[in-house]
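Peer 1: Sharing a structure here in structure tokens format.
The values are calculated or read from the model by the stated rules, or taken from the named source; none is laboratory data. Keep in mind the model is a prediction, meaning the values are calculated, not measured. As a convention, Cβ positions derive from the backbone with ideal geometry for all residues, glycine included, and neighbour counts pool all protein chains shown.
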Amino acid sequence: MSSEPLLRLENVGKRFGGMTVLHEQSFSVSPGEILGLVGPNGSGKTTTINVISGVHPPDEGRVLFEGREIQGLPIFRIARLGINRSFQVPKCFRGMRVRENVEVAATFARRGAVDIDAILAETGLASHADDIAGSLTVNQQKMLDLARALATNPRLLLVDEIGAGLNPAELGGIATLLRGLAARGIALIVVEHLLDFLNRVTDRVIVLGAGRMLFEGSLAAASKDPDVVAAFIGG
Amino acid sequence: MRKPPAWRGPGLVLVALAAIFAVAPRLYSNESVLFTMMTFMALAQGLNLLYGFTGYLPFGYVGFFGTGAYATSLLVTFTSLPVIAAVLLGGLAAVVVGLILGPLFRLSGPYFSIANLAASQIIYNVVANEALKPITGGPYGIKIEHVYAPTASYVTMLAILLAATALAAYFRRSRFGLGLRAMHQDPISASLAGVDIVRERLIAWLASAAIAGLAGGAYAWNLSVFYPEAVFTLQISVFAIVFALFGGVGTVIGPLLGAALLYAFYAGIGVSAPQYFELLYGLLIVLLVLFLPNGLASLLTRRNVDVL
């Protein structure tokens with residue numbers, strides 16, 4: 001693992017109308033590292049991912065990727081730099097075949113050749129390659145989102161609640177997959193409510209509450225932090 | 001079994017179109033009906049380039065058609081350019097209007113459609129303005145009868161129809177078209193896949209505008225004397241939309257089939273018995289919406305036939 005950060009957020013803020021949903025977020029992620037992002041509903045986890053991936057540009061602060069400012073760049077440019085993501089509610093190309101979904105990314109991301117068959121196998125979709133994406137289950141569509149992201153050869157992957165609705169065996173498979181991606185040098189930010197699952201993929205988490213960073217450190221230490229406990233159960 | 005080359009399907013459609021409209025005037029004496037049928041096939045295909053591949057429905061599509069018609073007529077009137085060059089520049093004029101209207105893409109859904117309709121009405125009201133009578137003829141129309149050439153304009157319209165169809169085939173089968181299809185289904189995911197959706201959408205919009213502008217130019221050449229209403233009537237947009245939808249947007253053959261069948265129906269009874277035409281036409285649209293919302297082409301795609 002390199003010590004040079006791949007991604008760095010500096011005092012990033014985001015408002016929707018009069019409501020500030022992210023306050024001065026600053027953290028970094030290094031290549032091959034998995035960072036967990038946890039917090040109650042509405043704490044700003046998905047907004048953080050949206051800001052990094054360009055879906056919602058930040059109103060304040062800087063987002064640096066490999067030392068270069070990327071805030072304000074269009075989504076496709078950020079994707080071509082090597083940042084990609086999956087969605088909590090999957091957003092695949094529902095009318096296209098599974099293989100075509102992945103082909104779009106492999107074709108347009110301009111990040112070198114990728115093995116589409118290998119990606120489909122890795123994400124458990126090989127047997128569905130010729131199915132229409134809209135006919136897949138929600139969980140399979142989440143994996144297709146991930147496959148589409150992997151087809152862009154990302155250096156940073158943002159994974160938004162991929163574990164919701166999966167059984168323990170499936171969660172185990174996903175944990176193995178995410179660890180494997182990190183072992184290949186891909187940095188991951190994983191938003192997740194399932195703390196057991198998160199515990200299996202990383203020991204470093206950031207806890208958000210009402211758009212503020214409450215804690216950064218190990219998951220075990222987070223559970224003993226009074227601010228974190230207050231954010232989750234009130235107090 | 002060897003897969004047929006990618007160009008074979010589009011090639012066959014283009015050859016068939018060219019052959020049908022080359023031979024048709026020998027079998028059917030009313031060349032005007034054939035010409036207008038080609039015009040609507042080109043317009044339905046041109047509209048398909050935008051609506052079928054991006055989902056943006058231009059109610060004011062006729063604005064490009066009228067722009068092409070007037071730009072061509074004005075160039076013929078005030079310059080010594082060959083008519084065919086004037087038709088090409090008519091297409092270019094529509095592209096320029098398309099560029100000016102580019103900011104409409106900040107809108108989506110019905111807002112885009114209505115704003116586009118308003119834009120076409122603005123162009124119409126400028127062209128038909130009494131104050132512009134010395135240039136455009138204002139409400140009294142324009143005459144270019146000194147260049148009237150039914151056969152040359154017929155061949156030109158056929159070439160435009162073939163160009164529109166070749167573009168639709170390119171959109172359907174190319175890398176560019178793959179990006180358009182992805183954008184149509186989910187613009188954010190398409191962007192994340194690396195598709196420059198602003199550029200792709202603009203190219204589709206300008207290609208669509210160019211086809212309507214070229215068709216307008218050839219149409220003006222064929223009519224040679226016309227009032228502004230003849231090339232700016234909303235009915236042209238409505239026909240292009242309904243014809244394309246009837247055949248099936250997002251395909252190459254759908255808009256061609258839809259326009260050919262419905263215009264033949266219109267030419268058959270629309271003029272001689274308009275009351276029955278309106279009745280049956282309305283009924284057909286209701287049946288289409290209820291049972292074939294994706295058009296005639298979906299009869300094949302439902303059976304897993306790979307429709308061009």
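Peer 1: Would you pick out the residues in region A:201-215 that are within 12 Å of A:Gly42 (Cβ to Cβ) and of a type in the set (Phe, Trp, Tyr)?
Peer 2: none
Peer 1: Suppose we filter region A:115-135 for residues that are part of a loop (DSSP other than H, G, I, E, B) and either within 14 Å of another protein chain (Cβ to nearest Cβ) or touching a residue at least 60 places away in the same chain (Cβ under 8 Å) (or both); how many remain?
Peer 2: The qualifying residues number 2.
Peer 1: Same structure again: Within region A:98-114, can you find the residues that are in a helix (DSSP H, G or I) and under 14 Å from A:Asn153 (Cα atoms)?
Peer 2: A:Val102, A:Glu103, A:Val104, A:Ala105, A:Ala106, A:Thr107, A:Phe108
Peer 1: I've got another one for you. I need a count of the residues in region A:3-51 that are closer than 26 Å to A:Ala183 by Cβ and either touching a Lys or Arg at 6+ places or on another chain (Cβ under 9 Å) or not hydroxyl-bearing (Ser, Thr, Tyr) (or both).
Peer 2: Number of matching residues: 20.
Peer 1: Tell me yes or no: at least one residue of region B:169-187 is buried (at least 19 other Cβ atoms within 10 Å of the Cβ) and among the basic types (Lys, Arg).
Peer 2: yes
Peer 1: Same structure again: So if I check each of B:Leu290, B:Leu262, which one is more than 30 Å from B:Ser174 (Cβ to Cβ) and modelled with pLDDT of 90 or more?
Peer 2: When all the criteria are applied, what remains is B:Leu290.
Yes or no, residue by residue, for (1) farther than 16 Å from B:Gly216 by Cβ; (2) more than 16 Å from the chain's Cα centre (by Cα); (3) hydrophobic (A, V, I, L, M, F, W, C); (4) in a helix (DSSP H, G or I):
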position: B:His146; (1), (2), (3), (4): yes, yes, no, yes
position: B:Val155; (1), (2), (3), (4): yes, yes, yes, yes
position: B:Ala159; (1), (2), (3), (4): no, no, yes, yes
position: B:Ala163; (1), (2), (3), (4): no, no, yes, yes
position: B:Leu167; (1), (2), (3), (4): yes, no, yes, yes
position: B:Arg172; (1), (2), (3), (4): yes, yes, no, yes
position: B:Phe176; (1), (2), (3), (4): yes, yes, yes, yes
position: B:Leu180; (1), (2), (3), (4): yes, yes, yes, yes
position: B:His184; (1), (2), (3), (4): yes, yes, no, yes
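Peer 1: Looking only at region A:69-97, which residues are under 15 Å from A:Ala187 (Cα atoms), more than 8 Å from chain B (Cβ to nearest Cβ) and either basic (Lys, Arg) or in a strand (DSSP E or B) (or both)?
Peer 2: Scanning region A:69-97 gives a single hit, A:Ile83.
Peer 1: Hey, can you tell me all the residues within region A:98-114 that are at pLDDT 95 or above and away from every other protein chain (no Cβ under 11 Å)?
Peer 2: Selection gives A:Val98, A:Arg99.
Peer 1: Just to be sure I understand, how many residues within region B:247-268 are surrounded by 22 or more Cβ atoms within 10 Å (Cβ to Cβ) and small (Gly, Ala, Ser)?
Peer 2: 6
Peer 1: Of the numbered conditions (1) more than 17 Å from the chain's Cα centre (by Cα); (2) over 23 Å from B:Leu104 (Cα atoms); (3) not small (Gly, Ala, Ser), B:Tyr219 fails exactly one; give the number of that condition.
Peer 2: (1)
Peer 1: Determine whether B:Leu47 is at negative phi and either surrounded by fewer than 24 Cβ atoms within 10 Å (Cβ to Cβ) or outside any helix (DSSP H, G or I) (or both).
Peer 2: no
Peer 1: Right, something else. Mind checking which pairs have a first residue in region A:170-184 that is of a type outside the set (A, V, I, L, M, F, W, C) and a second that is surrounded by 20 or more Cβ atoms within 10 Å (Cβ to Cβ), Cβ under 7 Å, 6 or more apart or different chains?
Peer 2: The qualifying pairs are A:Arg179/A:Val201.
To keep it simple, each residue is scored yes or no on (1) touching a strand residue (DSSP E or B) at 6+ places or on another chain (Cβ under 8 Å); (2) buried (at least 23 other Cβ atoms within 10 Å of the Cβ).
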| residue | (1), (2) |
| --- | --- |
| A:Ile75 | no, yes |
| A:Ser86 | yes, yes |
| A:Arg97 | yes, no |
| A:Val104 | no, yes |
| A:Ala121 | no, no |
| A:Ala129 | yes, no |
| A:Asn139 | no, no |
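Peer 1: (1) under 27 Å from A:Gly32 (Cβ atoms); (2) under 17 Å from the mean Cα position of the chain (by Cα); (3) not charged (D, E, K, R): which one isn't true of A:Gln141, the others all being true?
Peer 2: Here A:Gln141 meets the rest and fails (1).
Peer 1: Step by step: first the residues of region A:15-28, then only those that are under 18 Å from A:Leu158 (Cα atoms) and surrounded by fewer than 21 Cβ atoms within 10 Å (Cβ to Cβ), then the one that is farthest from the chain's Cα centre (by Cα). Which residue is that?
Peer 2: Per the criteria, the residue is A:Ser26.
Peer 1: For region A:150-161, indicate whether the set of residues that are part of a loop (DSSP other than H, G, I, E, B), buried (at least 17 other Cβ atoms within 10 Å of the Cβ) and among the acidic types (Asp, Glu) is non-empty.
Peer 2: The answer is yes, given that some residue of region A:150-161 is part of a loop (DSSP other than H, G, I, E, B), buried (at least 17 other Cβ atoms within 10 Å of the Cβ) and among the acidic types (Asp, Glu).
Peer 1: Can you pull out every residue in region A:10-68 that is over 29 Å from A:Arg200 (Cα atoms), touching a residue at least 40 places away in the same chain (Cβ under 8 Å) and within 14 Å of chain B (Cβ to nearest Cβ)?
Peer 2: A:His56
Peer 1: For region A:12-56, enumerate the residues that are of a type in the set (Lys, Arg) and touching a Ser or Thr at 6+ places or on another chain (Cβ under 8 Å).
Peer 2: Correct list: A:Lys14 only.
Peer 1: On to the next question. For region B:148-155, check the following and say yes or no: at least one residue is within 14 Å of chain A (Cβ to nearest Cβ) and small (Gly, Ala, Ser).
Peer 2: Within region B:148-155, not a single residue is within 14 Å of chain A (Cβ to nearest Cβ) and small (Gly, Ala, Ser).
Peer 1: Let me ask something additional. Taking the criterion of being closer than 23 Å to A:Thr48 by Cα, modelled with pLDDT of 95 or more and surrounded by fewer than 18 Cβ atoms within 10 Å (Cβ to Cβ), would at least one residue in region A:178-198 satisfy it?
Peer 2: For region A:178-198, residues closer than 23 Å to A:Thr48 by Cα, modelled with pLDDT of 95 or more and surrounded by fewer than 18 Cβ atoms within 10 Å (Cβ to Cβ): present.
Peer 1: Something else about it: Return the residues of region B:28-52 that are hydrophobic (A, V, I, L, M, F, W, C) and at pLDDT below 95; say none if nothing qualifies.
Peer 2: Listed by number, the list is empty, since nothing qualifies.
Peer 1: Hey, among B:Ala168, B:Ala119, B:Ala163, which residue is more than 14 Å from chain A (Cβ to nearest Cβ), in contact with a Gly (Cβ under 7 Å, 6 or more places away or on another chain) and touching a residue at least 12 places away in the same chain (Cβ under 8 Å)?
Peer 2: Of the residues listed, the single one that is more than 14 Å from chain A (Cβ to nearest Cβ), in contact with a Gly (Cβ under 7 Å, 6 or more places away or on another chain) and touching a residue at least 12 places away in the same chain (Cβ under 8 Å) is B:Ala119.
Peer 1: Name the residue, out of B:Leu308, B:Leu296, that is surrounded by 12 or more Cβ atoms within 10 Å (Cβ to Cβ), under 21 Å from B:Gly177 (Cα atoms) and in contact (Cβ under 8 Å) with a residue 12 or more places away in the chain.
Peer 2: Unique residue meeting the criteria: B:Leu308.
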